[in-house]
Amino acid sequence: MIQLVLNIDDESVANKLLLMLEQFKDKGVIIEKKEVSSNFRNFNYTDEEIEKNWKEILMGIKSDLSYYKSEKYYEDRGNYLIKKYK
């Protein structure tokens, strides 16, 4: 299985890509559109995904210092650690 994650800022481009990808649904392609806040991007990767794809993940992350200084970051990090060490 291959998973593609696209971060697209332009709504019209995103809609065009979604229309194109819809044509592959009958081949088993699952399409999910997720709205992501520009302040709080959701990086819920498993340890296995991180070990396997760490270069691509790092290249795709933009440094957002306001996120790392926010309560949301501490909450996300805490939830990640709870799941990891359960």
Quiz item: Does Ile30 count as at pLDDT 85 or above, over 15 Å from the mean Cα position of the chain (by Cα), assigned to a loop (DSSP other than H, G, I, E, B) and loosely packed, with under 11 Cβ neighbours inside 10 Å?
Solution: yes
Practice problem: Give me a count of the residues in segment 1-22 that are surrounded by 12 or more Cβ atoms within 10 Å (Cβ to Cβ) and of a type in the set (S, T, N, Q). | Solution: 1
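The values are calculated or read from the model by the stated rules, or taken from the named source; none is laboratory data. Remember, predicted model here, so these are calculated numbers, not experimental data. Using ideal geometry, Cβ is built from the backbone for each residue, glycine included, and neighbour counts are taken over all protein chains shown.
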